[in-house]
Amino acid sequence: MFSADVILAIKEDAIQRYPEESCGLVLKRNDGTVVYKSVPNIADDPQTSFHIDEKIVLSLLPSILAVVHSHPNGPDCPSEADMRQQVALGLPFGIVSTDGEGCYEPFFWGGNAPRAPLIGRGFRHGVTDCYALIRDYFDEKLDIKLREYPREWEWWSQGQELYQLYFADEGFVKIREDEVKEHDCFLAQIRSTTPNHAGIYVGNNLILHHLTSKYASDPSRLSRRDPIGSWSKFICGFWVRHESQF
């Protein structure tokens, strides 16, 4: 998304400020050049969170291309708080995970950040997970904008809901299994007491979904099409259709 020089500056800042979270802004200057600007982290506990002075953000807002911060010792995915801040600002956010000596590659999401293909994307909680796949599918295939719902990693094991709580708010209506057609969505329970997985029926007895991993970020866990039969035992008898598809 950004040049090698910008990425290197982001990584160097993260390592230098370890074990605190670094934070900074990717800016486009008046001459068109793109640079990374490190800014102070004024959070109460900078080792576990970040906060940028609103005055800095407002003064630079027209030129901000992305907001970036580090995750010392991971995880290599956004937290619920990170997702809430991204939604509030509407700008691309970036995270770089570091152990103080090296870094993972920064990743970016939200705003106008590039979107991964629907099939073959690696798993990253909150960025390219099963709900993100549904959002991107409905946007790309049907021009339907579903809202983002900030969530913690393994939210289903922490007493939280996602699909049953919010699908109705997004205009989804429960249907019978014998009514299922292309673009309908299923909910599934996989080693969980609540539906913690979902996907889309794409026709020809195939579903498109992105199975979670035991890791918050797993590039080897790819979104894919699968025959529906092999997943029937996990589907809770819960199929939904967006109101626009009736």
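The values are calculated or read from the model by the stated rules, or taken from the named source; none is laboratory data. Keep in mind that this is a model prediction, so the values were computed, not measured. Glycine gets a Cβ as well: all are built from the backbone with ideal geometry, and neighbour counts include every protein chain shown. The protein model used for the area step is the full one, side chains on, heavy atoms only, and it has no ligands, DNA or RNA in it. Shrake-Rupley method; radii C 1.70, N 1.55, O 1.52, S 1.80 Å.
Some notes on this structure:
- The set of residues in region 30-66 that are touching a Gly at 6+ places or on another chain (Cβ under 8 Å) and of a type in the set (A, V, I, L, M) comprises V39, A66.
- Evaluation of L25 against the conditions (1) over 24 Å from the mean Cα position of the chain (by Cα); (2) open to solvent by less than 20 Å² (accessible area, probe 1.4 Å); (3) not charged (D, E, K, R) shows that the sole unmet condition is (1).
- Selection count where residues are at pLDDT 95 or above, closer than 30 Å to N73 by Cα and surrounded by fewer than 20 Cβ atoms within 10 Å (Cβ to Cβ), scope region 191-211: 1
- Region 229-244, subset crowded, with 16+ Cβ neighbours inside 10 Å and at pLDDT 95 or above, residue nearest to I190 (Cα to Cα): W239
- Any strands (runs of 3 or more DSSP E) falling wholly within region 1-112 and containing at least 1 residues that are out of contact with any Lys or Arg (no Cβ under 9 Å at 6 or more places or on another chain) and either of a type in the set (S, T, N, Q) or closer than 30 Å to K214 by Cα (or both): 64-72, 93-98, 107-109
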